[in-house]
Amino acid sequence: QVQLVESGGGLVQAGGSLRLSCAASGAISNINTMGWYSQGPGKQRELVAAITSGGSTNYADSVKGRFTISRDNAKNTVYLQMNSLKPEDTAVYYCNADLQLYSGGYYYTKNHWGQGTQVTVSS
């Protein structure tokens, strides 16, 4: 069974830092793009940052210069280093990955979500 397991959320004061991790496990052949999305109270889920298997990154304008996404392909893990946090960064953060899976002699791709981790930034 494929899983994306997030960790690292919590409560932090404005100006502080957190590091989120998301580890993929299961019958995974390869992982293409991995990303982090946020969903604040009463808001739609939106992209925060993404990274391709080759290391190319893109960020939401609101986090550029503050957040850094990285990945360890050997560990099937993606990270989000969040610095200079603001109260408006408060949200549930979800990991997302484009997975190449292998089953019954066939390869197929599947987009998968983690369960989410809460980040709360106090003013």
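The values are calculated or read from the model by the stated rules, or taken from the named source; none is laboratory data. Every value quoted in this text rests on a predicted model; they were computed, and no experiment measured them. Cβ sites come from the backbone with ideal geometry, for glycine too, and all protein chains shown count toward neighbours. Only protein heavy atoms, including side chains, enter the accessible area calculation; ligands, DNA and RNA are left aside. Shrake-Rupley method; radii C 1.70, N 1.55, O 1.52, S 1.80 Å.
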Some residue of the range 71-79 being over 30 Å from Tyr107 (Cβ atoms) and either in contact with a Cys (Cβ under 9 Å, 6 or more places away or on another chain) or not hydrophobic (A, V, I, L, M, F, W, C) (or both): no
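Can you pull out the residues in the range 1-13 that are within 17 Å of Leu80 (Cα to Cα) and either in contact with a strand residue (DSSP E or B) (Cβ under 6 Å, 6 or more places away or on another chain) or at pLDDT below 95 (or both)? Write out each step before concluding.
The initial filter retains those residues of the range 1-13 that are within 17 Å of Leu80 (Cα to Cα), namely 4-12.
Selection gives Leu4, Val5, Glu6, Ser7, Gly8, Gly9, Leu11, Val12.
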Qualifying residue in the range 26-33 (condition: part of a loop (DSSP other than H, G, I, E, B) and surrounded by 13 or more Cβ atoms within 10 Å (Cβ to Cβ)): no
Failed item in (1) within 14 Å of Glu88 (Cα to Cα); (2) in contact (Cβ under 8 Å) with a residue 40 or more places away in the chain; (3) open to solvent by 50 Å² or more (accessible area, probe 1.4 Å); (4) over 13 Å from the mean Cα position of the chain (by Cα), with Gln39 passing the rest: (4)
Residue under evaluation Leu99, criteria (1) hydrophobic (A, V, I, L, M, F, W, C); (2) within 17 Å of Val2 (Cβ to Cβ); (3) outside any strand (DSSP E or B), criterion not met: (3)
